[in-house]
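What follows is one structure encoded as structure tokens, with my remarks underneath.
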Amino acid sequence: MTDASAPQPENTLAAYRRSIDNFDAALIHILAERFRITQAVGEYKATHQLPPADPSREEQQIARLRALASESGLDPEFSEKFLRFVIDEVIHHHERIREAGAAAD
Ligand SMILES: O=C(O)C(=O)C[C@]1(C(=O)O)C=C[C@@H](O)C=C1
């Protein structure tokens with residue numbers, strides 16, 4: 001006899017996956033908003049002859065996120081790698097914006 005009220009393993013996994021899919025969608029939306037802001041920052045920096053990267057700001061961001069990660073039970077190494085990956089992409093965008101501005105001059 002099987003207990004009809006017991007959750008079936010495939011239903012449990014499907015429910016976990018629905019939750020994961022929602023989190024992934026939220027992550028993509030959050031990243032899209034972050035890149036929308038950094039696009040504006042890149043244009044501002046190009047217009048005002050500011051360098052695409054600001055290593056001292058990055059150090060502050062990484063220290064802050066590592067502390068937040070530790071508090072939240074997330075691996076600080078992972079959070080640093082993730083932020084580094086995002087910021088490196090932002091810097092590429094800033095460089096491209098600057099080059100496009102220089103080419104238009
Ligand atoms: O704050 C800035 O100056 C940015 O350009 C944004 C940002 C980021 O993505 O957070 C990107 C590049 C800089 O090196 C530092 C931070």
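May I ask you to derive the FRET efficiency for residue 96 and residue 12 from their Cβ-Cβ distance with R0 = 41 Å, giving the value to the nearest 0.05?
Working from the Cβ atoms, E equals 0.35.
With a 10 Å radius around each residue's Cβ, average the other Cβ atoms per peptide and rank 58-67, 87-96, 19-28, highest first.
87-96, 58-67, 19-28
Arrange the following residues from fewest to most other Cβ atoms within 10 Å of their Cβ: 81, 45. Each step should come with its number before you reach the end.
Details: 81 11, 45 19.
Fewest-to-most Cβ neighbours within 10 Å comes out as 81, 45.
Rounding to the nearest 20 debye, state how big the charge dipole of the chain is about its Cα centre with +1 on each Lys and Arg Cβ and -1 on each Asp and Glu Cβ.
200
Just want to confirm a number: the relative contact order over the chain, from Cα pairs under 8 angstrom separated by 6+ residues, in percent. It would help to have the intermediate numbers written out before the result.
Details: 39 pairs, mean separation 32.0, N = 105.
Answer for the chain is 30 percent.
Can you give me the Cα centroid spacing of region 80-105 and region 13-47 in angstrom?
Region 80-105 and region 13-47 have Cα centres separated by 17 Å.
Please determine, in degrees from 0 to 90 and to the nearest 10, the orientation of helix 76-104 with respect to the longest principal axis defined by the Cα atoms of the chain, where the helix direction is its Cα long axis.
40
Any chance you could list the semi-axes, whole Å, largest first, of the equivalent ellipsoid that the Cα gyration tensor gives for region 14-105, using √(5λ)?
Values for region 14-105, descending: 30, 18, 9 Å.
Read-outs: derived from the displayed coordinates by stated rules, not from any lab. Please read all numbers here as calculations on a predicted model, not as lab measurements. All Cβ positions, glycine included, derive from the backbone under ideal geometry; neighbour counts span all protein chains shown.
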